[in-house]
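Q: Pasting a structure here, questions to come.
The values are calculated or read from the model by the stated rules, or taken from the named source; none is laboratory data. It should be emphasised that the depicted structure is a prediction, and the values quoted were computed from it without experimental measurement. We place every Cβ from the backbone using ideal geometry, glycine too, and count neighbours over all the protein chains shown.
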């Protein structure tokens with residue numbers, strides 16, 4: 001069974017998409033649309049590192065809304081507009097994910113949905129409810 005949702009603790013989608021899609025079977029799968037560094041009120045910080053931290057907070061908020069934990073994250077894909085401070089990026093990810101080390105991919109792109117956006121993160125999570 002598939003359920004699409006937009007958790008109330010997140011900003012409204014910027015277009016016709018859902019923040020998450022949950023797939024239930026023996027395990028529950030959660031697929032996250034690209035999460036950006038935007039507050040529930042629609043504010044986007046100018047700094048790329050601040051956007052990264054906020055986008056990761058939005059990933060974690062999606063997990064909480066689906067009654068999942070960061071340890072349920074399977075895969076994260078980071079889309080970055082410009083080369084960043086890799087050490088700072090790793091530090092922020094470590095602060096947000098702790099000891100959990102899901103699969104990750106970092107992709108540099110020419111641009112995202114708005115010129116103000118510098119970071120977008122897609123995610124997959126899975127939880128065994130059995």
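Q: Within the range 99-126, can you find the residues that are closer than 14 Å to residue 63 by Cβ and under 13 Å from the mean Cα position of the chain (by Cα)? Steps first, answer last, please.
A: First pass over the range 99-126, keeping only residues closer than 14 Å to residue 63 by Cβ: 100, 102, 121-126.
Correct list: 102, 121, 122, 123, 124, 125.
Q: Among the residues that make up the range 55-67, is at least one of them over 15 Å from residue 19 (Cα atoms) and in contact with a strand residue (DSSP E or B) (Cβ under 9 Å, 6 or more places away or on another chain)? Show your work before the answer.
A: Quick first cut of the range 55-67, residues over 15 Å from residue 19 (Cα atoms) only: none.
No: zero hits.
Q: Shifting gears a bit: Can you tell me how many residues in the range 9-23 are without any contact (Cβ under 8 Å) to a residue 40 or more places away in the chain and farther than 15 Å from residue 36 by Cβ?
A: Residues that pass the stated criteria total 3.
Q: Considering the range 77-92 alone, what residues qualify as being at pLDDT 95 or above and under 15 Å from the mean Cα position of the chain (by Cα)?
A: 77, 78, 79, 80, 92
Q: Another one. If a residue must be within 16 Å of residue 129 (Cβ to Cβ), in a loop (DSSP other than H, G, I, E, B) and either at pLDDT below 95 or touching a helix residue (DSSP H, G or I) at 6+ places or on another chain (Cβ under 6 Å) (or both), how many such residues does the range 20-66 contain?
A: Looking only at that region, the number is 2.
Q: I've got another one for you. I'd like to know if the range 97-107 contains one or more residues that are surrounded by fewer than 17 Cβ atoms within 10 Å (Cβ to Cβ) and free of Cβ contacts under 8 Å to residues at least 24 places away in the same chain.
A: Yes: one or more hits.
Q: Only one residue in 113, 82 is in a loop (DSSP other than H, G, I, E, B) and under 18 Å from residue 39 (Cα atoms), so which one is that? Full working, then the answer.
A: On the way: 82 fails: under 18 Å from residue 39 (Cα atoms).
So the residue among 113, 82 that is in a loop (DSSP other than H, G, I, E, B) and under 18 Å from residue 39 (Cα atoms) is 113.
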